[in-house]
Amino acid sequence: MKRIPIIVLDNGASSVKVGITTSQKDVRIVSNAIVRSKGDKITYFGHEFDTCKDFSSLHFRLPFERGYLVDWDAQKAIWDGIFSDQVLNIDTAETSLLITEPYFNLPNIQEVYDQFIFEEYEFQSYLGSTAAALVPFGQLFSSPGLPKPECILVVDAGFSFTHIVPIMGGTVLWSAVKRIDVGGKLLTNHLKELVSFRQWNMMEETYIMNDVKEKCCYVSTQFAVDLETCRSDKTHNTIVQEYVLPDLSRNRRGYIRQPDDPPVDGEQILYMGNERFSIPEVLFCPDHIGLHQAGLGEAIVQSISLLPEDLQGMFWANIGLIGGSTKLPGFAARLMAELRPCAPADCEIKIYESKDAITEAYKSAMALAMTSTFSNLAVTRAEYLEGGSGYCRRKFGTDYERGGNEEYRRTSPPSVPVKVRTRTVSAAKRR
């Protein structure tokens, strides 16, 4: 019997990581946005953004808002391009789907997911899961000669939020999941505000400032020392870097100028001093920007304290990092420095870093899709037509209001006011 191809779609708020089980090609990373360029007056849908040459004053229309998928017209336009012959070249009616969903997804949004997948695209079956729940199927916690741990703690530093997710025996313990309202988007916006106040007006240059953040920022393990270093000599110290802004007339991207590089006439320089480490510091100290929440280290301690006491040591010893913000240099070292004083003296702390934190969830999902376990977990189209969205939620274990999994019930659902911008499934057309 011929095996049905399975599309793996890690549908992040910033980018979509996509591939198919029948292809040997590497993961394709597509911008999850409809982008309008003010320079060349062209609108780019998802994968088309790779052809953009003018990155000045880009306007992003994002399907996700505050971590939830609310603009289904935009999302459908992006998915249509992914399923077309320009990317996957696949007939969705002849395939199955494994897709990632937000943590604590709202019931009305979950129903629209099901409607789009089964009624609009007519997939034969599909499995919806959070990114962290897929990690046990991957290689993040693999050690030579040792079985994979049963108890793990996944830190997912994503685009909108940062989640701390404990998992035992493949089941997410929702009652101990913690969320910090700091993600990559907030860090980029904070950097835009600082730079615009101190140097150049970059409030309309989200794409450029995100590139600056990724190339220049790092997590400091000695924040006070680094801050004093920058204060004592603002331009000539070991921390300051010179970022050369893009030259759109010559189609040259921005880059970090090395100390021995000769200056070029007409270059616009952005001096990155304490901004390099004060931006990521918000993840560990949200109160720096007036956000009264626990930092990452404290949130991990709170999450583990809610778990069975005799198992807490296993979670301390198996902490995994996924998400784009965890790629910042020094992230794991700073997290270790935060956790060691808070953990019991007899507990070992081990932090697992992914080779590519952005695609780790995708790779784990692909590993699941290649096994027979997928068919046991997925919901078929016939089952959906008979049982509706309620059946999907019960089988996926994401019925949060009922506890998701009967053994581990959430204390209270998040109260986030979100309005879904969609009409009917058939009315969502690419503009």
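The values are calculated or read from the model by the stated rules, or taken from the named source; none is laboratory data. In this text, all values refer to a predicted model and were calculated from it rather than measured experimentally. Neighbour counts are summed over all protein chains in view; Cβ atoms, including those assigned to glycine, are modelled from backbone coordinates with ideal geometry. Ligands, DNA and RNA are excluded from the accessible area calculation, which covers all protein heavy atoms including side chains. Shrake-Rupley method; radii C 1.70, N 1.55, O 1.52, S 1.80 Å.
Just to be sure I understand, how many residues within the stretch 357-383 are under 21 Å from E122 (Cβ atoms), in contact with a helix residue (DSSP H, G or I) (Cβ under 8 Å, 6 or more places away or on another chain) and open to solvent by 20 Å² or more (accessible area, probe 1.4 Å)?
Final tally of qualifying residues: 3.
For residues that are open to solvent by less than 10 Å² (accessible area, probe 1.4 Å) and over 19 Å from G19 (Cα atoms), tally how many sit in the stretch 98-109.
Total satisfying the criteria: 2.
Among what's in the stretch 244-276 and is small (G, A, S) and either open to solvent by less than 40 Å² (accessible area, probe 1.4 Å) or at pLDDT 90 or above (or both), pick the residue that is nearest to the chain's Cα centre (by Cα).
G254
Got a sec? Which strands (runs of 3 or more DSSP E) wholly within the stretch 17-64 have at least 3 residues that are in contact (Cβ under 8 Å) with a residue 24 or more places away in the chain and within 29 Å of Y126 (Cβ to Cβ)?
28-31
Only one of N318, N274 is polar (S, T, N, Q) and touching a strand residue (DSSP E or B) at 6+ places or on another chain (Cβ under 9 Å). Can you tell me which?
Of N318, N274, the one residue that is polar (S, T, N, Q) and touching a strand residue (DSSP E or B) at 6+ places or on another chain (Cβ under 9 Å) is N318.
For residues that are open to solvent by less than 30 Å² (accessible area, probe 1.4 Å) and not acidic (D, E), tally how many sit in the stretch 4-28.
The number of residues fulfilling the criteria is 15.
Contact list please: Cβ distance under 7 Å, first residue in the stretch 75-90 and closer than 17 Å to I29 by Cβ, second residue of a type in the set (D, E, K, R) and in a helix (DSSP H, G or I), pairs at least six apart or on different chains.
Note: pairs meeting the criteria are G81/E48.
Quick check: anything in the stretch 343-356 assigned to a helix (DSSP H, G or I), open to solvent by less than 60 Å² (accessible area, probe 1.4 Å) and modelled with pLDDT of 95 or more?
no
Yes/no per residue for (1) over 17 Å from the mean Cα position of the chain (by Cα); (2) over 17 Å from Q293 (Cβ atoms):
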position: G138; (1), (2): no, yes
position: F141; (1), (2): yes, yes
position: P144; (1), (2): yes, yes
position: P147; (1), (2): yes, yes
position: T171; (1), (2): yes, yes
position: L186; (1), (2): no, no
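Output the residue which, of all residues in the stretch 65-79 that are among the acidic types (D, E) and in a strand (DSSP E or B), is farthest from the chain's Cα centre (by Cα).
Among those that are among the acidic types (D, E) and in a strand (DSSP E or B), it is D71.
Which residues, counting only those in the stretch 200-212, are open to solvent by 20 Å² or more (accessible area, probe 1.4 Å) and either farther than 18 Å from F49 by Cβ or among the polar types (S, T, N, Q) (or both)?
W200, N201, M203, T206, N210
Taking only pairs six or more apart or across chains, which ones have beta-carbon atoms under 9 Å, a first residue in the stretch 224-244 that is farther than 16 Å from I256 by Cα and without any contact (Cβ under 8 Å) to a residue 12 or more places away in the chain, and a second residue that is polar (S, T, N, Q) and open to solvent by 60 Å² or more (accessible area, probe 1.4 Å)?
From residues that are farther than 16 Å from I256 by Cα and without any contact (Cβ under 8 Å) to a residue 12 or more places away in the chain, the pairs are T229/T238.
Looking only at residues in the stretch 29-42 that are open to solvent by 30 Å² or more (accessible area, probe 1.4 Å) and modelled with pLDDT under 95, which one is nearest to E65 (Cα to Cα)?
R36
Restricting the search to the stretch 53-67, which residues are surrounded by fewer than 20 Cβ atoms within 10 Å (Cβ to Cβ), farther than 30 Å from R252 by Cα and not basic (K, R)?
E65, the sole residue that qualifies.
For the stretch 43-65, enumerate the residues that are at pLDDT 90 or above and at positive phi.
Hit for the stretch 43-65 is G46, nothing else.
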